[in-house]
Amino acid sequence: MENAFFTLSSAAPGVAHLQLNRPERLNTLAPPFFPALRDAVTALDDAGETRVLVVSSTGRHFSAGMALDVFDGGMPMLDTSDARKRLAFQDGLRRLMACIDVLEDARFPVIAAIQGGCVGGALDLATVCDIRVASADAFFTVQEIHIGMAADLGVLQRLPKIVAPGVARQMAYTGERVGAERALQIGLVNAVLPDAAATLAHALDLARQIADKSPLAIAGSKRALNYARDHGTAEALQQMTLLQSAIFDLDEMGRAIAGWKAKQTPDFAPLAPIPPA
């Protein structure tokens, strides 16, 4: 699959690869990108075959974020000149947020492989992913503060749950560039690799390791981790009792144990497709 913003392909059994493909424009984002991303990820999730998604990019930079011309009349929803338009603005913004939320809501983990700049809206995209790895030249910036606005697609809500709250606030208030080594120190990324090719290779290797596991157990683990992040321990433990009762499968465990003992990759069935509404 290919559109004006990204290509979507299969990188290995169970591993999908979404690659931003506008290097000549620094992979900047524009309004049509968001529903295209939503629809592509939703289709993968609905089908049930994908076990991991890797998000990467092309060219020098992962993404320079939202194209600046969007803020110069590029989005009709930005008109907040009266109460009715402000109400419409709220609904439009929430729909944009939901286009990124699908990466969090998907049953499979998402790994971001980041090279060069991860700026503004691109950092919103990166922070919604389960795992981030970066090249040595990568840097991360809450760019929106430099253009007189608060970041609004999720980074302010997710970043303080990834790095220390004080670090997240400093990034949000100053718009400072956080380089790859600093990003590793603060836990924003899991690994730093020499260059873009090595970063993508590392992300794909991680994806294959995950794809070898039970997709049922992986989906349950992601759901439990996301819930625990946003709720207290007692609530999260109660959710886990219900979740485990839904996904506990002795046959699945038998295949996993047999594969582990034999040092072979078990043959797990894909997740069931999600029925259309």
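The values are calculated or read from the model by the stated rules, or taken from the named source; none is laboratory data. Every value quoted in this text rests on a predicted model; they were computed, and no experiment measured them. Here the Cβ is made from the backbone with ideal geometry for all residues, glycine too, and neighbour counts use every protein chain on show.
State whether the residues of segment 219-241 include one that is outside the structural domain of A11 (by TED's automatic domain parsing), acidic (D, E) and out of contact with any Pro (no Cβ under 7 Å at 6 or more places or on another chain).
yes
Might you let me know whether segment 51-68 holds any residue that is outside any helix (DSSP H, G or I), farther than 26 Å from T141 by Cβ and touching a helix residue (DSSP H, G or I) at 6+ places or on another chain (Cβ under 9 Å)?
Checked against the condition, which is being outside any helix (DSSP H, G or I), farther than 26 Å from T141 by Cβ and touching a helix residue (DSSP H, G or I) at 6+ places or on another chain (Cβ under 9 Å), segment 51-68 yields at least one hit.
Checking Q209 against (1) touching a residue at least 12 places away in the same chain (Cβ under 8 Å); (2) within 23 Å of V55 (Cβ to Cβ), which single condition isn't satisfied?
Of everything listed in (1) touching a residue at least 12 places away in the same chain (Cβ under 8 Å); (2) within 23 Å of V55 (Cβ to Cβ), Q209 misses just condition (1).
Determine if segment 217-227 includes at least one residue that is closer than 30 Å to F62 by Cα, of a type in the set (D, E, K, R), in contact with a Ser or Thr (Cβ under 6 Å, 6 or more places away or on another chain) and surrounded by 12 or more Cβ atoms within 10 Å (Cβ to Cβ).
Among the residues of segment 217-227, not one is closer than 30 Å to F62 by Cα, of a type in the set (D, E, K, R), in contact with a Ser or Thr (Cβ under 6 Å, 6 or more places away or on another chain) and surrounded by 12 or more Cβ atoms within 10 Å (Cβ to Cβ), which makes the answer no.
What residue, of T42, T7, T50, T58, is over 30 Å from T265 (Cβ atoms), among the polar types (S, T, N, Q) and surrounded by 13 or more Cβ atoms within 10 Å (Cβ to Cβ)?
None of the other options fit; the residue is T58.
Among (1) under 30 Å from L78 (Cβ atoms); (2) in contact (Cβ under 8 Å) with a residue 60 or more places away in the chain; (3) outside any loop (DSSP other than H, G, I, E, B), which single condition is E24 missing?
(2)
Can you say whether A203 is out of contact with any helix residue (DSSP H, G or I) (no Cβ under 8 Å at 6 or more places or on another chain), farther than 25 Å from F268 by Cβ and buried (at least 21 other Cβ atoms within 10 Å of the Cβ), as far as the supplied structure shows?
It is false that A203 is out of contact with any helix residue (DSSP H, G or I) (no Cβ under 8 Å at 6 or more places or on another chain), farther than 25 Å from F268 by Cβ and buried (at least 21 other Cβ atoms within 10 Å of the Cβ).
Is it the case that A134 is in contact with a helix residue (DSSP H, G or I) (Cβ under 9 Å, 6 or more places away or on another chain), in contact (Cβ under 8 Å) with a residue 40 or more places away in the chain and surrounded by fewer than 22 Cβ atoms within 10 Å (Cβ to Cβ)?
no
Taking interchain pairs and intrachain pairs at least six residues apart, which have beta carbon atoms under 9 angstrom, with the first residue in segment 244-256 and in contact (Cβ under 8 Å) with a residue 12 or more places away in the chain and farther than 10 Å from K213 by Cα and the second of a type in the set (K, R) and surrounded by 14 or more Cβ atoms within 10 Å (Cβ to Cβ)?
So the pair list comes out as I247/R223.
Based on what the data block shows, is R60 modelled with pLDDT of 95 or more, in contact with a Pro (Cβ under 9 Å, 6 or more places away or on another chain), more than 27 Å from I210 (Cα to Cα) and not hydroxyl-bearing (S, T, Y)?
Answer is yes for this residue.
Take G154 and decide whether it is modelled with pLDDT of 95 or more, touching a helix residue (DSSP H, G or I) at 6+ places or on another chain (Cβ under 6 Å) and not acidic (D, E).
Yes, satisfied.
Can you confirm whether P275 is over 30 Å from A136 (Cα atoms) and either of a type in the set (A, V, I, L, M, F, W, C) or surrounded by 12 or more Cβ atoms within 10 Å (Cβ to Cβ) (or both)?
Against the criterion (over 30 Å from A136 (Cα atoms) and either of a type in the set (A, V, I, L, M, F, W, C) or surrounded by 12 or more Cβ atoms within 10 Å (Cβ to Cβ) (or both)), P275 does not qualify.
If the Cβ limit is 9 Å and pairs must be 6+ apart or interchain, which residue in segment 159-174 that is of a type in the set (S, T, N, Q) pairs with which residue that is crowded, with 17+ Cβ neighbours inside 10 Å?
T174/V142; T174/I145
Restricting to segment 29-39, and then to whatever is of a type outside the set (A, V, I, L, M, F, W, C) and part of a loop (DSSP other than H, G, I, E, B), can you tell me which residue is surrounded by the fewest Cβ atoms within 10 Å (Cβ to Cβ)?
Here the answer is P32.
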